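The structure appears below as structure tokens.
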Amino acid sequence: MATATDAHIRVGTLDDLKERGCTVVTGGGHTIAVFAHGDTVYAVDNRCPHMGFPLDRGTVKDGILTCHWHHARFDLSSGGTFDPFADDVRSFPVSVDDDGTVWVDPSPPEEDQTARWSKRLQDALEDNIRLVVAKSVLGLDAAQADYRIPLGIGADFGSTYSAAGWGQAMTILTCSANMLPYLEAEDRPLAMFQGLLHVARSNAGMPPRFLLDPLPTGETRPEVFKLWFRNFIDVRDSDGAERCLRTAIELGIPEQTIADMIFSAITDHIYVDAGHTLDFANKAFEILDHLGWEHAGQVLTSLVRGMAGVRRSEELSSWRNPIDISSMTWQAREALTEAYGEGMGRRGEWDDEDALVATMLEDNPAATLDAMVNAVRRGASEAQVGSAVAYAAFMRMARFHTSNEFNDWDTLHNTLTAANALHQALMRAPSLELLRGALDTAMSVYLDRFLNMPAQRVPNPLANGAVDGDSLRSQLLDGMNRQQLVEPSAKTVSDYISGGAIPEGIIASLAHAMLREESGFHMFQIVDAAIKQYEERRGTDGGRVVLVALARFLAAHAPTSRAVHQTFNIALRLHRGEALYG
């Protein structure tokens with residue numbers, strides 16, 4: 001039996017160890033496998049770092065220890081793995097007394113765990129090994145590393161190894177970071193894991209994107225760079241636009257001015273790429289809110305190729321026939337310029353969102369455009385107009401009838417997330433140019449009208465009486481374990497909010513419902529958008545409607561196979577030291 005002396009563990013005699021080949025000892029909180037191989041003794045943690053199988057059940061040949069569960073191989077002298085899907089196994093110093101007694105030190109100085117898991121995360125992203133991504137996130141969380149460490153590693157990898165630039169995976173990663181404050185503590189590593197996993201899936205093995213150098217120019221005027229950039233995007237010259245943007249950033253032109261430059265170029269054309277381009281740009285600025293402006297050159301230039309090459313809605317038949325919505329929108333844009341000037345002196349006087357939203361939801365695009373222009377003329381701010389469009393889009397989702405085709409959930413979703421992105425952008429960098437996008441997005445709300453025919457009834461709020469919030473949260477999650485419980489889920493959320501329970505509780509449950517599924521781009525987008533729009537309307541009936549819309553969308557898409565959640569749970573059990581094998 002092994003004994004401990006002065007914090008070292010006595011293994012036994014060298015001769016006995018050689019006879020047995022391997023001995024397992026415990027101490028210092030570790031279970032250690034001690035091997036005699038040739039004339040040397042080695043000690044490693046007995047848990048295979050891949051999935052926890054006892055390494056003493058493995059075999060040693062030519063100095064290589066092989067685990068017999070998934071055949072991970074390790075250099076016995078160092079614990080280093082030959083297989084990236086595993087991990088290095090921890091090794092322990094061994095000494096042999098003059099009398100042949102073998103001792104193991106179970107508590108050697110530990111390496112910096114933040115540095116260790118940061119390196120493992122980088123490796124896991126490069127090789128797209130999802131179990132190692134999960135282990136790395138949990139390791140960093142246990143080391144109390146700032147969330148911006150894994151976020152920064154993911155953002156740098158995702159914005160570098162993607163020749164096409166910013167895409168869905170980077171948006172998912174940003175949504176994951178945005179929702180962290182609203183999650184239960186145990187869901188925060190799960191959210192970060194899922195965001196990073198999508199980046200690994202999309203970018204592993206891709207060639208790097210090389211940045212163009214800044215211009216060697218003496219030009220420093222922001223208005224000139226804005227003009228150049230918009231012209232380059234207009235003619236689809238991505239190289240010229242990227243170099244212009246890179247130069248503006250390197251010159252230290254203020255963040256809001258850079259944002260105005262990018263958002264104006266996007267709204268120079270009508271509703272480009274069904275709103276995705278605006279959403280991507282908004283998310284790029286949001287990830288910089290987390291990581292810092294010093295990352296702007298790498299992050300923002302990743303937007304340019306997509307901005308230059310996307311589809312413009314004035315090119316689409318649906319915006320021309322049977323009603324020429326495109327021409328109506330261009331005319332409204334011209335009227336908006338005059339109205340914007342008139343309304344500047346009346347800012348703060350307008351407070352009629354309900355009427356404007358009601359008009360947007362009617363079957364009259366001309367009336368919607370006129371109402372929006374008049375709202376600006378009467379003093380509506382950029383953010384107020386953006387808020388109204390976003391709420392109208394959420395109302396469409398709340399009223400979506402399940403008699404429609406299933407894929408039409410995504411039709412409404414695209415408008416909804418574009419409207420939220422527009423609203424967030426208008427708060428970040430308000431301008432007349434960006435406000436034009438509100439007209440475009442409102443027309444997308446109009447085009448989605450057929451999905452509210454018939455309109456699903458939004459659950460009525462409870463008239464009085466407190467509710468058991470914990471019970472309703474459990475009811476919501478249980479309901480989403482079964483298919484298509486859309487209306488019961490909506491009613492549960494409605495009762496929770498109108499019954500006076502703490503809103504953070506149901507938001508955390510809705511986010512958890514998303515995170516436990518095989519959630520992709522649209523799921524992360526809508527949770528993030530709903531949280532933002534709820535915060536805009538916290539304490540109002542509008543906030544209730546926003547969360548009802550979110551619940552309906554999530555319930556329609558649940559349950560799934562939950563394989564990603566299973567991977568995370570395996571990593572979590574390993575992190576806790578639980579046994580996975582029989």
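The GluC sites (Glu not before Pro) of segment 351-429 that DSSP puts in a loop, and whose beta carbon has at most 10 other beta carbons within 10 Å, are Glu405. Between the alpha-carbon centres of segment 25-85 and segment 327-346 there is a gap of 72 Å. What is the sum of charges around Gln424, taking Lys and Arg as +1, Asp and Glu as -1, for the other residues whose C-beta is under 12 Å from the C-beta of Gln424? For residues surrounding Gln424, the net value is -4. The equivalent ellipsoid that matches the C-alpha gyration tensor of segment 332-452 spans semi-axes of 26, 14, 11 angstrom, in descending order. For His557, His71, the ranking by accessible surface with the largest value first comes to His71, His557, using a 1.4 Å probe. A convex hull fitted to the Cα coordinates of segment 56-161 yields 126 cubic angstrom per residue. Here's the picture: a label point sits 7 Å out from the Cα of Ile149 along the beta-carbon direction, and within segment 20-49 nothing has its amide nitrogen under 18 Å of it. A 1.4 Å probe, protein heavy atoms only, puts the accessible area of Trp330 near 90 Å². For Lys491, a cut-off of 16 angstrom between C-alpha atoms picks up these aspartates and glutamates, skipping any fewer than 8 places away in its own chain: Asp468, Asp470, Asp478, Asp541. Net charge near Glu535: determine it from the other residues with C-beta under 12 Å of the C-beta of Glu535, scoring Lys and Arg +1 and Asp and Glu -1. The answer is 0. Projection of the Cα convex hull of segment 107-168, averaged over all directions and equal to a quarter of that hull's surface, yields 4.9 nm². All C-alpha to C-alpha distances of segment 296-358, sorted into 10 Å bins beginning at zero, yield P(r) values of 16, 23, 30, 30, 1 percent in whole numbers. Once you order the gyration tensor axes a ≥ b ≥ c over the Cα atoms, which shape class does segment 399-466 get: rounded for a/c under 1.5, otherwise prolate or oblate by comparing a/b with b/c? Since a/c reaches 1.5 but b/c is at least a/b, the shape of segment 399-466 is classed as oblate. For a modelled paramagnetic label at Glu349, 7 Å from Cα along Cα-to-Cβ, the residues of segment 432-466 in reach, with backbone nitrogen under 20 Å, are 432.
Assign one of three labels to segment 415-526, namely rounded, prolate or oblate, based on the Cα gyration tensor with a ≥ b ≥ c the square roots of its eigenvalues; rounded applies when a/c is under 1.5, prolate when it is not and a/b is larger than b/c, and oblate otherwise. Can you show the working numbers first?
On the way: a/c = 1.83, a/b = 1.79, b/c = 1.02.
It is prolate, given that a/c is not under 1.5 and a/b is the larger ratio.
In segment 460-499, Cα pairs under 8 Å separated by at least six residues give a relative contact order of 65 percent.
Considering all projection directions equally, how large on average is the shadow of the alpha-carbon convex hull of segment 256-414, in square nanometres? Before the final figure, lay out the partial values.
Values: hull surface 44.5 nm².
If I average the Cα hull's projected area over directions, I get 11.1 nm².
More than 12 angstrom separation, counting every C-alpha pair in segment 462-509; what % is that? Working shown, then result.
Details: 627 of 1128 pairs.
The proportion of pairs with Cα distances above 12 Å equals 56 percent.
For the chain, the relative contact order works out to 12 percent when only alpha carbon pairs closer than 8 Å and six or more residues apart are counted.
Dividing the radius of gyration of the alpha carbons in the chain by their Kirkwood radius gives 1.08 for Rg/Rh.
The values are calculated or read from the model by the stated rules, or taken from the named source; none is laboratory data. In this text, all values refer to a predicted model and were calculated from it rather than measured experimentally. Every residue, glycine among them, receives a Cβ derived from its backbone with ideal geometry; neighbour counts consider all protein chains shown. Side chains included, ligands, DNA and RNA excluded: accessible areas come from the protein's heavy atoms. Shrake-Rupley method; radii C 1.70, N 1.55, O 1.52, S 1.80 Å.
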